[in-house]
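Here the structure comes first, spelled out in structure tokens, and everything after it is commentary.
The values are calculated or read from the model by the stated rules, or taken from the named source; none is laboratory data. Since the structure is predicted, the reported quantities are computational estimates derived from the model, not experimental observations. As a convention, Cβ positions derive from the backbone with ideal geometry for all residues, glycine included, and neighbour counts pool all protein chains shown.
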Amino acid sequence: MASAFGEPFQNLIARFAADQKLMTSVEDLSSDRFIARSLIPHIEKLSQLFNRTEKSQDSGLDPYWKNSSNRAHLRLAYFLYFMPSNLFRTASIWAELSRLGFKWPSGRTLKGIELGAGPASGACGIAAGEKYSPTGIPNAGHWALIEQDRATLELGARWANDYFSDVGMSDWGTRTFHRKISFNEPLLPQNAPKFNLWLMSFMLNEFSDPAPVLASRLMDAWERHLEEEGIIILVEPALKLQSRRLLELRKALLVERETRGAFDFQVLLPCLGHQSCGALAAEEDWCHEEVMWWRPPYFRVIDRLAGLDRKTLPFSYLVLARSNRPREEILPALDKSRAESRYRLVSPSHREGNDQEFFICGQDGKRRARFRGKYKQSAMLPANPDDDARLQRGDLLLNADVRGDMNASRIEKIDRVT
Ligand SMILES: C[S@@+](CC[C@H](N)C(=O)[O-])C[C@H]1O[C@@H](n2cnc3c(N)ncnc32)[C@H](O)[C@@H]1O
């Protein structure tokens with residue numbers, strides 16, 4: 001999947017943007033001049049908005065589609081640069097579910113919903129994830145796209161239809177709902193249908209409501225509008241403030257789960273359980289993932305000219321399932337490993353002599369750990385030709401035999417790594 005966004009993807013998106021009259025011709029995307037003049041100023045503006053750090057959550061972004069002197073170019077910049085990045089992030093999450101053995105319930109039509117859909121980045125991310133890491137979603141289904149900006153919503157629906165066809169999901173359709181969501185009221189009308197895939201990508205950080213309010217509204221909506229065996233995917237920025245807010249939301253969702261007795265809601269990823277968050281325990285800490293991809297060729301030009309770097313894509317995420325089945329049945333790759341022996345590598349890994357050193361997070365919190373030697377690849381996974389490969393951020397360590405305390409642990413043995 002990481003190499004699926006090269007020249008053919010650039011041709012597809014260039015043709016689409018030209019057909020939509022967002023650019024004058026497909027060649028624009030190969031022109032340094034067009035990129036420098038028509039895209040980069042808007043990408044920089046959006047980057048500044050998205051990278052706002054300690055300001056209040058909602059001050060920078062609210063009606064950003066409307067505030068620009070040149071809305072069409074701002075929208076185009078988002079579409080060409082931020083949409084593919086977010087598409088790939090969601091696809092990576094789907095690919096992780098697939099690697100862990102998740103199977104879409106057989107014969108069940110996809111009923112997806114993306115809130116704050118923008119140009120349908122998340123829905124397209126699921127399509128890409130499913131193409132390159134299939135879980136068995138049939139080529140029949142539909143997405144409800146909900147978005148407050150009409151032009152972006154309509155652009156997203158047209159793009160999704162093109163993209164779905166391109167990745168072989170030609171019978172996935174979209175319905176658009178031009179609506180402003182508020183956490184002061186139910187998120188969906190009472191008579192809205194049930195869905196089985198609920199997606200919010202880079203959306204929650206646009207709301208300043210406290211985590212318990214978000215959790216309560218979300219649980220209300222999921223209890224009413226999410227089918228059993230449905231999946232929920234939340235993707236948020238990797239920045240400390242926004243990532244911590246997602247961790248706070250996870251905590252608040254677990255409180256809601258207890259108080260409502262809604263025990264069919266389970267956290268699947270990234271933490272494989274309901275333990276208290278290892279990152280939230282320290283005030284200055286947070287938790288994020290990073291994925292690598294081969295950027296579309298025009299991304300390299302943008303990155304070079306704008307001094308940006310989209311070689312790796314950081315993000316925070318949370319995946320839940322509505323299911324009464326044990327987690328090990330939903331994610332069979334976890335089977336035969338005790339919950340207490342499951343860890344995720346949550347930092348970069350660096351060499352200390354012959355060791356690799358990094359932080360891992362598990363049932364008992366976060367700890368600094370070292371590892372030396374070889375690991376055994378999960379039997380469920382394709383053979384890894386390079387068993388000595390460095391462990392890296394995001395890896396799951398299963399059946400880990402960990403000795404030592406939270407400040408200095410040694411992993412004696414790992415049976416499975418994903
Ligand atoms: C950063 S963009 C993310 C778009 C897309 N999900 C993605 O991952 O690229 C956030 C989107 O949420 C929309 N949004 C923000 N607040 C909203 C609200 N209250 N109701 C509906 N949409 C909203 C914005 O208009 C914007 O398109």
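Annotation: of all residues in the stretch 184-212 being under 19 Å from LEU318 (Cα atoms) and polar (S, T, N, Q), the one that is nearest to the ligand (Cβ to nearest atom) is SER201. Restricting the stretch 161-183 to residues that are within 11 Å of the ligand (Cβ to nearest atom) and touching a residue at least 12 places away in the same chain (Cβ under 8 Å), the residue that is surrounded by the most Cβ atoms within 10 Å (Cβ to Cβ) is ILE181.
If you go through the stretch 319-374 and pick out every residue that is closer than 23 Å to ASN407 by Cβ and among the hydroxyl-bearing types (Ser, Thr, Tyr), you end up with 4. For the stretch 141-150, the criterion of a residue being part of a helix (DSSP H, G or I), closer than 28 Å to ASN205 by Cα and more than 7 Å from the ligand (Cβ to nearest atom) is satisfied by at least one position.
Of the residues making up the stretch 7-48, just one is in contact with a helix residue (DSSP H, G or I) (Cβ under 7 Å, 6 or more places away or on another chain), over 13 Å from LEU80 (Cβ atoms), small (Gly, Ala, Ser) and in contact (Cβ under 8 Å) with a residue 24 or more places away in the chain, namely ALA36.
Taking the stretch 1-53, which residues are in a loop (DSSP other than H, G, I, E, B), of a type outside the set (Val, Ile, Thr) and out of contact with any Pro (no Cβ under 7 Å at 6 or more places or on another chain)?
MET1, ALA2, SER3, ALA4, GLN20, LYS21, LEU22, MET23, SER25, SER31, ASN51, ARG52
For the stretch 96-119, the set of residues classified as in a loop (DSSP other than H, G, I, E, B) and of a type in the set (Lys, Arg) consists of LYS103, ARG108, listed by residue number.
Given the condition part of a helix (DSSP H, G or I) and out of contact with any helix residue (DSSP H, G or I) (no Cβ under 8 Å at 6 or more places or on another chain), answer yes or no: does some residue in the stretch 224-233 qualify? Yes, some residue in the stretch 224-233 is part of a helix (DSSP H, G or I) and out of contact with any helix residue (DSSP H, G or I) (no Cβ under 8 Å at 6 or more places or on another chain).
Just for strands (runs of 3 or more DSSP E) wholly inside the stretch 304-354: which have at least 1 residues that are acidic (Asp, Glu), out of contact with any Asp or Glu (no Cβ under 9 Å at 6 or more places or on another chain) and closer than 23 Å to PRO237 by Cβ?
Working: elements: 312-322, 343-345, 350-352.
Here the list is empty.
Restricted to the stretch 120-137, and to residues there that are in contact with a strand residue (DSSP E or B) (Cβ under 9 Å, 6 or more places away or on another chain) and assigned to a loop (DSSP other than H, G, I, E, B), the residue that is surrounded by the fewest Cβ atoms within 10 Å (Cβ to Cβ) is ILE137.
Residue count for the stretch 178-198 under the criterion of being outside any loop (DSSP other than H, G, I, E, B) and either within 22 Å of the chain's Cα centre (by Cα) or among the polar types (S, T, N, Q) (or both): the result is 4. Taken as a whole, the condition of being part of a helix (DSSP H, G or I), among the aliphatic types (A, V, I, L, M) and under 16 Å from the mean Cα position of the chain (by Cα) does not apply to LEU241.
One line per residue, one yes/no per condition, for (1) within 12 Å of the ligand (Cβ to nearest atom); (2) more than 16 Å from MET169 (Cα to Cα); (3) among the hydrophobic types (A, V, I, L, M, F, W, C); (4) in contact (Cβ under 8 Å) with a residue 60 or more places away in the chain:
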position: PHE79; (1), (2), (3), (4): yes, yes, yes, yes
position: SER98; (1), (2), (3), (4): no, yes, no, no
position: GLY112; (1), (2), (3), (4): no, no, no, yes
position: LEU115; (1), (2), (3), (4): yes, yes, yes, yes
position: GLY122; (1), (2), (3), (4): yes, no, no, yes
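Look at (1) surrounded by 14 or more Cβ atoms within 10 Å (Cβ to Cβ); (2) at pLDDT 95 or above; (3) not aromatic (Phe, Trp, Tyr) and you find that MET1 fails only one, number (2).
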